[in-house]
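S.K.: Before we start, here is the structure in question, set down as C-alpha cells.
The values are calculated or read from the model by the stated rules, or taken from the named source; none is laboratory data. Keep in mind it's a predicted model, so treat the numbers as computed, not measured. Methodologically, a virtual Cβ is constructed for each residue, glycine included, from the backbone with ideal geometry; neighbour enumeration extends over all protein chains shown. Just the protein is used for accessible areas: all its heavy atoms, side chains included, with ligands, DNA and RNA removed. Shrake-Rupley method; radii C 1.70, N 1.55, O 1.52, S 1.80 Å.
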Amino acid sequence: MAQRIVIDPVTRIEGHAKITIQLDDDGQVTDAQFHVVEFRGFERFCEGRPLWEMPGLTARTCGICPVSHLLASARAGDEILAVQVPPAADKLRRLMNLAQMVQSHALSFFHLSAPDFLMGWDAPVEKRNVFGLLGTRPELVRAGVRLRQFGQEVIEILGGKKVHPSWAVPGGVRSGLTLAGRERIRTGLPEAFQTARLALRLFKDLAGSLNREIQIFGNFPSLFLGLVGPDGEWEHHGGRLRFMDSSGSILVDQLDPQNYREYIGEAVQSSSYLKSPYFKPLGPEEGMYRVGPLARLNVCKSMGTPEADVELKEFRKHSNGAVTSSFLYHHARLIEILTSLERIERMLEDPELHSDHLRADAGVNRLRGVGVSEAPRGTLFHDYEVDRDGVVTKVNLVIATGQNNLAMNRTVAQIAKHYVKGPHVPEAMLNRVEHGIRNFDPCLSCSTHALGQMPLVIRLVGPDGTVLDERRRD
Amino acid sequence: MAVRTLTIDSKQVSAEEGTTILGAARDAGISIPTLCHLDGIYDVGACRMCLVELAGSPRLLPACTTMVAEGMDVRTQSDRLRRYRRMILELLFAERNHVCAACVSNGHCELQTMAYSQGMDHVRFAYQSPLLEVDLTHASFGMDHNRCILCTRCVRVCWHIEGAGTKNVSGRGTHARIISDLNQPWGMSETCSACGKCIQACPTGALFRRGMTAGEMERDRTRLEFLVNAREKKQWNV
Ligand code: SF4
Ligand code: SF4
Ligand code: FES
C-alpha cells in the first residue's frame, strides 16, 4: 500500500505550508511536494483599482516583503506612465532595496537558519531555534538582531515610520533623504560590516563539516534567473534579465523585463495553488529555474564591490559551473549582505541623493507595464494592464517563492530519499526537510495571504494513480 | 433676533432663534460628532452621527437639523448615544469596501478618525462587499464608490457653492450612488467646471485628485469656508 507522510506546518516559516511525501509499495520515496496554498483572489482584488494605489495595495498584502512589492509596483507604474524617473528617486529606491536585502537576509540567516546548523540537526526542537541559540551564542544572536535593525532603520529613514505604504510611487518617490538621515545610516555601517564579516567567517568555517548537507539539501542542476547590470554585474533593481544553466552557460542575456513572457511560462500545478513558472524554451520539466541569492550570484559576472568580489571568487570554488547546492543559498545570502553594505556606503557619498526632484508626472501613456525588482528571495515581477484612465484591468504577479516551487519540491524529495527508509519517518528527517525549504527563505504569506480561508484537500494517490485516501478541511 | 436659552449637557446656553443644536453646542464649546455636516453649507441630516437626546422626547434627534427652542434640555453624551454612533459607523464600514491602508485618505479621513474616536474596534455586521466602480474618466479627479458614505457634501457644494449642479444622487437605499449629470462618466460631464470643491468637501477617500497614492490626499476645507463667508458677508475684494 502506498503511503503518504504529511508534515505540517513547517515551523518557523512565516505562514503555513504542507509537504507531501509519496512512498511506493516498498516504502521508498518516489516524489515530494511542497504545497503553497495561494489565495488566488489577490490578483483579482487589484483589478478595478487606480494604478496609483497599486504600490500601497500590493505592499500591504504581503507582510513579509512589502518593500519589494512597493518597488516592483512603482516600476510597473513608471512603465505605464512611460516616464523617466528622476535620478535621485531611482537612487533612493535602490538604497531602500539594498537595506531590504540586509534586513531580510539577516533574519533568514541569524533567526531562521543558523539555529539548525549551530545547535545541531538533531537538537531537540525547543533548543533548535533562536532562543536556544541565544543561550549558547548570545553575541551572535545580538549581532544578527542589530544587523537586521540597521537595515530596518535605513528603510525607516527613507520611507518613514511603519514604512509608509506608498513611499515609492509611479514616477518616483514621495520624500527624499535628509543630511541627518544620511549621517544616521553612516553611523550604523561599521557595526553592520563587522557582523556581515563575522557571519561569513562562521559559515565558511562550518562549511567543511556541512558537506553532507551541501550534497543532499537540494543539490541538482537547474537554470538560474536574476537581474544583471549592463556589464553582467550583480544587480538588484533596474537592469535586465539573464538566464544561466548549471554548466554556467548563459542562455538568455540582457532581456528587457517588459518581454519576460517570451521566456517565462507559468504552469498551474494541480497539487499546489501556486503557479510554477518555468523557462519556456525548455518546457515545464526541463525549464525549472531558481531565483534568489544563489541564482543572482551564479548569473552575475562580478558583485561590483571589492570585498564581495573576493568572497564571490571563493564561493565559486564550490563548483566548476554554476553552484548548484541549495544549501549554499545561505552563503550567497551573506555575500549579498556584504555587497549591499558596500553599495550603501558608496551611495552615501553621492550628493544627488539629497535632490528634491523626486517625482515625474504624467498621465497614462502605455496600457501595459512590467516592473521587476530583485526581492531578497528572488526576482519579483509585477505585470499590470490598465485602461486609458489608469484603472487596472489585469494583474499578474510572479513571485520568488512561486519560481522556486519546483526546486523546493526537488529539494524535499532529495532529502527524503536519504532519510526515509520504510514507512517510518525519523525525527532527523523532519528537521532536515524543513531546513531544505528554509534554504529558499520562502515568503509564504505573500503567496498564501488568506483573505478568507482556503479549503484544503489532501489526497493520497497510489502508484497507479488511484486516490487512496482524501482528507479535507472546509 | 430672538434669543433662546437651553441646557446642553447641564450647561446653560443661549443661542439665536434658528440656530441648530449643533451650532449652539459648538458655540458653547461642546463638541458633537458629525460626518455629513460641513461648515458653510446647509445641513441635510443624512448620516445620523450627531444624534442627541432631548429630555421629554423618546426619539433621538439629529443636532445638525434640529433648531434650538426655549427650555430644551439636551444631552450629547450617554451610553445609548455612544452605542448608536458606533453602530452607525459599523454600518458605514460594512456597507462598502474600505481598505484604509491602501486608501488615498488614510490618516486624513473623517470616517476613519471618527471610528477611532468613537472606539469602533470591529464591525459586527456582515460586510456587504458590493462590487463598485472607480471612475477615473475625469482629467483631474477620481471617484471611488467603494469609499463613499453618501453624505452628499459633494452634491451640496456642487449645487450651492459652485452652482454647477453636476453631482447628484441616484437610486435608493443600497442602490444609491453619487452620479455626475445624468449618470454618465464624470469625464463626459458637460456641467462640471472642474472647480474641485467636491474634492475639498468629501470626508473620505471617495473623491480625490488623480494620481494620489496611499495616504496622500489631504484636504483644505478652509477654502470652502472662505468662499461661503466671502459670499455671505460680502468680503469679495472687487
Ligand atoms: S475612506 Fe476613510 S475609512 Fe474608508 S478606506 Fe479610506 S481611509 Fe479608510
Ligand atoms: S463622494 Fe464623498 S462627499 Fe460625496 S457623498 Fe460620497 S462620501 Fe460624501
Ligand atoms: S451631521 Fe447631523 S446627520 Fe450627519
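S.K.: Does any residue of the range B:192-234 lose at least 40 Å² of accessible area with all protein chains in place compared with its chain alone, and if so which ones (probe 1.4 Å)?
M.R.: Correct list: B:Arg210, B:Gly211, B:Thr213, B:Ala214, B:Glu216.
S.K.: To the nearest 0.05, what FRET efficiency results for B:His160 and A:Leu348 with a Förster distance of 60 Å applied to their C-beta separation?
M.R.: 0.65
S.K.: Here is a follow-up. Please list, ordered by chain and number, the residues whose modelled amide H lies under 5 Å from the amide H of B:Ser140; skip anything fewer than 5 residues away on the same chain.
M.R.: none
S.K.: With a 1.4 Å probe on protein heavy atoms only, tell me which residues of the range B:125-139 lose at least 30 Å² of accessible surface in the complex relative to the chain by itself.
M.R.: B:Val134, B:Leu136
S.K.: In percent, how large is the relative contact order of chain B, given Cα pairs closer than 8 Å and 6 or more residues apart? Walk me through the numbers before you get to the answer.
M.R.: Working: 423 pairs, mean separation 44.0, N = 238.
Relative contact order for chain B comes out at 18 percent.
S.K.: To the nearest 10 square angstrom, how much accessible area does A:His418 have with a 1.4 angstrom probe?
M.R.: Probe radius 1.4 Å; accessible area of A:His418 about 80 Å².
S.K.: Read phi for every residue in the range B:181-187 and hand back ³J(HN,Hα) as whole Hz from Karplus 6.51 cos²θ - 1.76 cosθ + 1.60, θ = phi - 60°, with x for Gly and Pro.
M.R.: Values per residue, Gly and Pro as x: 6, 8, 6, 10, x, 3, x Hz.
S.K.: Could you pull out the GluC sites (Glu not before Pro) across the range B:144-238 that fall in loop regions by DSSP (anything but H, G, I, E, B) with no more than 16 other Cβ atoms inside 10 Å?
M.R.: B:Glu190, B:Glu218
S.K.: List the pairs from B:Lys197/B:Lys234; A:Lys204/A:Lys313; A:Lys91/A:Lys301; A:Lys275/A:Lys394; A:Lys91/A:Lys317; B:Lys167/B:Lys234 whose alpha-carbon separation is above 24 Å, in the order I gave them.
M.R.: Values: B:Lys197/B:Lys234 20 Å; A:Lys204/A:Lys313 13 Å; A:Lys91/A:Lys301 22 Å; A:Lys275/A:Lys394 16 Å; A:Lys91/A:Lys317 33 Å; B:Lys167/B:Lys234 26 Å.
Over 24 Å Cα-Cα: A:Lys91/A:Lys317; B:Lys167/B:Lys234.
S.K.: Under a crude label model (7 Å from the Cα following the beta-carbon direction), how far is B:Arg124 from B:Ala69 in nanometres?
M.R.: For B:Arg124 paired with B:Ala69, the spin-label model returns 3.2 nm.
S.K.: Looking only at the protein assembly as shown, where both bridge partners belong to it, what percent of the DSSP beta bridges are antiparallel (to the nearest 5)?
M.R.: Antiparallel bridges: around 95 percent, rounded to the nearest 5.
S.K.: Quick check: residue separation of A:Glu47 and A:Thr187 times 0.36 nm, minus the Cα distance between them. What number comes out in nm?
M.R.: 46.1 nm is the gain from fully extending A:Glu47 to A:Thr187.
S.K.: For the protein assembly as shown, what % of the accessible area comes from carbon and sulfur atoms, probe 1.4 Å?
M.R.: C and S fraction of accessible area: 51 percent.
S.K.: Quick check on chain B: take the gyration tensor over C-alpha atoms, sort the square-rooted eigenvalues as a ≥ b ≥ c, and tell me if it's rounded (a/c under 1.5), prolate or oblate.
M.R.: Here chain B falls in the oblate category.
S.K.: On average, how much accessible surface per residue is there in the protein assembly as shown, in Å², for a 1.4 Å probe, leaving out ligands, DNA and RNA?
M.R.: 42 Å²
S.K.: Here is a further query. Using the Cα gyration tensor of the protein assembly as shown, with a ≥ b ≥ c the square roots of its eigenvalues, what is the shape: rounded (a/c below 1.5), prolate (a/b larger than b/c) or oblate (neither)? Please report the intermediate quantities before stating the final value.
M.R.: Values: a/c = 2.19, a/b = 1.91, b/c = 1.15.
Prolate is the answer for the protein assembly as shown, as a/c is 1.5 or above and a/b outweighs b/c.
S.K.: What number, in percent, do you get for the relative contact order of the range B:3-77 if the mean sequence gap of Cα pairs under 8 Å and at least 6 apart is divided by its residue count?
M.R.: Value for the range B:3-77: 41 percent.
S.K.: Given Cβ point charges of +1 (Lys, Arg) and -1 (Asp, Glu) and nothing else, what value in debye, to the nearest 20, does the dipole of the range B:3-77 about its Cα centre take?
M.R.: In debye, rounded to 20, the range B:3-77 gives about 220.
S.K.: Evaluate the relative contact order of the range A:351-408 (contact order divided by residue number), counting alpha-carbon pairs under 8 angstrom at least 6 apart; express in whole percent.
M.R.: 25 percent
S.K.: Need one number: nm distance between label points at A:Ser247 and A:Glu314, each 7 Å from Cα along Cα→Cβ, rounded to one decimal.
M.R.: With each label placed 7 Å out from Cα toward Cβ, I get 3.1 nm.
S.K.: Loop only by DSSP, 15 or fewer other Cβ within 10 Å of the Cβ. Give me the trypsin sites (Lys or Arg not before Pro) in the range A:288-391 that pass, ordered by residue number.
M.R.: For trypsin sites (Lys or Arg not before Pro) across the range A:288-391 that sit outside H, G, I, E and B with at most 15 neighbouring Cβ atoms in 10 Å, the list reads A:Lys301, A:Arg366, A:Arg388.
S.K.: Residue by residue through the range B:217-229, what is 3J(HN,Hα) from phi via Karplus (6.51 cos²θ - 1.76 cosθ + 1.60, θ = phi - 60°)? Round to whole Hz and write x for glycine and proline.
M.R.: Computed from phi, the couplings for the range B:217-229 are 7, 10, 10, 10, 6, 4, 5, 5, 4, 4, 5, 5, 4 Hz.
S.K.: Tell me, what is the FRET efficiency for B:Lys11 and A:Thr393 to the nearest 0.05, using R0 = 60 angstrom and their Cβ-Cβ distance as r?
M.R.: On the way: r = 57 Å, r/R0 = 0.95.
According to the calculation, E is roughly 0.60.
S.K.: With all protein chains present, calculate the accessible area of B:His160 using a 1.4 Å probe and round the result to the nearest 10 Å².
M.R.: The accessible area comes out at roughly 90 Å².
S.K.: When the accessible area of each residue in the range A:53-88 is compared between its chain alone and the complete protein assembly (1.4 Å probe; ligands, DNA and RNA ignored), which residues differ by at least 10 Å², being lower in the assembly?
M.R.: A:Glu53, A:Gly56, A:Leu57, A:Arg60
S.K.: May I pose another question? Can you tell me the length gained on complete extension of the stretch A:Lys301 to A:Ser355, counting 0.36 nm per residue apart and subtracting the Cα distance?
M.R.: Computed gain between A:Lys301 and A:Ser355 is 16.3 nm.
S.K.: A follow-up question, please. Please list, in chain and number order, the residues 5+ apart from A:Gln254 or on another chain whose amide H is under 5 Å from its amide H, with Hs placed from the backbone.
M.R.: The answer is A:Leu241.
S.K.: Can you compute the charge dipole magnitude of the range B:87-201 about its Cα centre, using +1 on each Lys and Arg Cβ and -1 on each Asp and Glu Cβ, nothing else charged? Give it in debye, rounded to the nearest 20.
M.R.: Once rounded to the nearest 20, the dipole reads 200 debye.
S.K.: Oh, and also: Along the charge dipole of the range B:3-77, pointing to its positive end and built from +1/-1 on Cβ of Lys, Arg, Asp and Glu, which listed residue (B:Ser57, B:Val3, B:Ala25) has its Cα farthest out?
M.R.: The residue sitting most towards the positive pole is B:Ser57.
S.K.: Please work out the Kirkwood hydrodynamic radius for the range A:317-381, using every pair of different C-alpha atoms, and report it in angstroms with one decimal place.
M.R.: By the Kirkwood definition, the hydrodynamic radius is 16.1 Å.
S.K.: Looking only at the range A:80-98, which residues have a backbone nitrogen under 13 Å from a spot 7 Å from the Cα of A:Ala362 in the C-beta direction?
M.R.: From the range A:80-98, the list is A:80-86.
S.K.: By what distance, in whole Å, do the Cα atoms of the range A:292-353 stretch along each of the three principal axes, largest value first?
M.R.: Projected onto the principal axes, the Cα atoms of the range A:292-353 cover 41, 16, 15 Å.
S.K.: Would you mind telling me which residue in B:Arg177, B:Arg156, B:Arg83 has the biggest mean-square fluctuation in a Gaussian network model of chain B, where springs connect alpha carbons within a distance under 10 angstrom?
M.R.: Sorting by GNM fluctuation, first place goes to B:Arg83.
S.K.: Go through the range B:151-166 residue by residue and turn each phi into a ³J(HN,Hα) via Karplus (6.51, -1.76, 1.60, θ = phi - 60°); whole Hz please, and just put x for glycine and proline.
M.R.: Listing the rounded values in order: 6, 6, 4, 5, 5, 5, 5, 5, 7, 9, 9, 7, x, 7, x, 6 Hz.
S.K.: Separate question: Could you work out how far apart the two model spin labels at A:Asp122 and B:Val3 are, taking each label as a point 7 Å from the Cα in the direction of the beta carbon, and quote it in nm?
M.R.: The answer from the label model is 9.3 nm.
S.K.: Report the full-extension gain for the segment A:Asp256 to A:Glu139: residue separation times 0.36 nm, less the Cα-Cα distance, to one decimal in nm.
M.R.: Full extension from A:Asp256 to A:Glu139 adds 37.7 nm.
S.K.: Normalised radius of gyration for the range B:84-209, please: alpha carbon Rg relative to 2.2 N^0.38 Å, two decimal places.
M.R.: The reported ratio for this selection is 1.05.
S.K.: Using only protein heavy atoms and a 1.4 Å probe, how much accessible area in total is buried between B and A, to the nearest 100 Å²?
M.R.: So the buried area, both faces added, is about 1400 Å².
S.K.: Name the most mobile residue of B:Ala102, B:Ala94, B:Ala214, meaning the one with the largest mean-square fluctuation, in a Gaussian network model of chain B with Cα contacts below 10 Å.
M.R.: B:Ala102
S.K.: Restricting to DSSP H runs of at least four residues, report the calculated mean residue ellipticity at 222 nm for the protein assembly as shown, -39500 (n - 2.57) per run over all residues, nearest 500 deg cm²/dmol.
M.R.: -10500 deg cm²/dmol
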